[in-house]
1. How do Met423, Met53 line up, fewest other C-beta atoms within 10 Å first?
2. Net charge near Ser211, counting Lys/Arg +1 and Asp/Glu -1 over other residues with Cβ under 11 Å of its Cβ?
3. If each residue of separation counts as 0.36 nm, what is the full-extension length gain between Val291 and Gln413 once their alpha-carbon separation is subtracted?
4. For labels at Tyr182 and Ser406 in the simple 7 Å Cα→Cβ model, what's the distance in nm?
5. Calculated FRET efficiency, Leu15 and Asn84, Cβ-Cβ r, R0 22 Å, to nearest 0.05?
6. Who wins for biggest fluctuation among Ser366, Ser112, Ser353 in a Gaussian network model of the chain, springs between alpha carbons below 10 Å?
7. Excluding Cys189 itself, calculate the net charge of residues whose Cβ lies under 11 Å from the Cβ of Cys189, where each Lys or Arg counts +1 and each Asp or Glu counts -1.
8. Taking the Cα centre of the range 229-328 as the origin, how large is its charge dipole in debye, to the nearest 20, when only Lys and Arg (+1) and Asp and Glu (-1) carry charge on their Cβ atoms?
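Derivation of every value follows stated rules applied to the coordinates shown; laboratory data play no part. For clarity, every value in this text was computed on a predicted model and none was experimentally measured. Every residue, glycine as well, gets a Cβ built from its backbone with ideal geometry; the counts of neighbours run over all protein chains shown.
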Amino acid sequence: MGRGEMGMTSDDVVLIEKGKKADEPYVITVNCPDKTGLSCDICHAILEFDLYMTRGDVSTDGIWCYIILWVIPHSRSHVVRWGNLKERLLSICPPLVPSFHLYQPLPRSSSSPIYLLKFCSLDRKGLLNDVTRVLDELNHTIQRVKVSTTPDGCVVDLFFITDNLGLLHTKERQDVLCERLYTVLGESCISCELQLAGSQYDNLQCVSSLSPLVAEELFRFTLSDNESRSQALSLDIKELKKASINTDNSLSPAHTLLQINCVDHKGLLYDIMRTLKDYSIQVAYGRFLPVNKSHRELDLFIQHKDGKKIVDPEKQEAISSRLKLEMLHPLRVLITNRGPDVELLVANPTELSGRGRPRVFYDVTSALKSLGICVFLAEIGRHSAAEREWEVYRFLLDENCSFQLSSTQVRNQIVDKVRRTLMGW
């Protein structure tokens, strides 16, 4: 562990403390130089490690930032890699000012090399979710997926992944991944190969074409009171639409107060912070509190990147409208026909930086596994619509299951289960 002349170590930059009692949350403290979007990047990491934020406080003077988050695992069975999380948070924090001679974490490459994991196995229920769980446990991030099933019941999976530890170029790290897959998949695993991705990755950047009707349903801006059942919500639409966003410029001479009250969901704070990041808005002070079991309240003192308040009514309305949309509808779930097959579509907007939402593929495959539904074909790609880029997950569902997939009731059940899993409801 490094130590500078002023005695600051990595523990001073990121500190993770266990609760005093078994049912108490962990407390994550980040104390580092500030940058626009820092809270968003930290929330992205928290969501990637499948943690739920019960409370949060953010404070900055524009130069230095102090963040405290109270977190718990989303499920009791989830094993959190706290050491890896600390490394990730350290890599997110800007370097400490060199002139202060403080400890600086080693810089990490902003663009990790992409590897192609190709394996062939016999098909079975939960296969994709089991593979995704292995990648998650070994601290790999899925960038793209191409999964297909052959007529003889074999599955050929192409996972394009990056290594969050930056060690996948070593034989030892590669062997660990393949050995873990062989262990989890058992005798059903036929082969496993790993190599640097080439032109295969470039060919998967764009998702297969969507019909105009499907695209309109998936990417529309607003939610109607007569919401289509194919885009069913797990909570009453009227309850969701109670979300309130108010701006006030009278309480601070330098900042605009943004007050938010809404239904809670997994990744709520990330959805709010990524929206503000895309608008180049800085949060000078913020507090994230529970109102009751299902609602959250946020008070955020914000300003433009140039240090000015948000006083333009049109700008205020644009920010409020986008925030409300992201809180009501951060993930789109749709089930439709694709020729003779039944297709499940899940979409989420990417950040302006191009980064997508974490754990979507894992949550969707978990929901399908719990329903006993196999996936015949799966792919992840990008699609441009409504003046933004979306990450789109497509799953052709296997008809050979206990469900009658042509039934409207069954389709609604699938959409509801997938959405509930994604939203943490």
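1. Values: Met423 20, Met53 23.
Ordered from fewest to most neighbouring Cβ atoms within 10 Å, Met423, Met53 come out as Met423, Met53.
2. Values: positive: Arg338; negative: Glu216, Glu217, Glu343.
That works out to -2.
3. Values: separation 122, 0.36 × 122 = 43.92 nm, distance 2.95 nm.
Between Val291 and Gln413, full extension yields 41.0 nm more.
4. Placing both labels 7 Å beyond Cα along the Cβ direction yields 4.5 nm.
5. Numbers: r = 16 Å, r/R0 = 0.71.
The formula returns an efficiency of 0.90 here.
6. Result for the chain, Cα springs under 10 Å: Ser353 fluctuates most.
7. Spelling it out: positives minus negatives among the neighbours equals -2.
8. 220 debye
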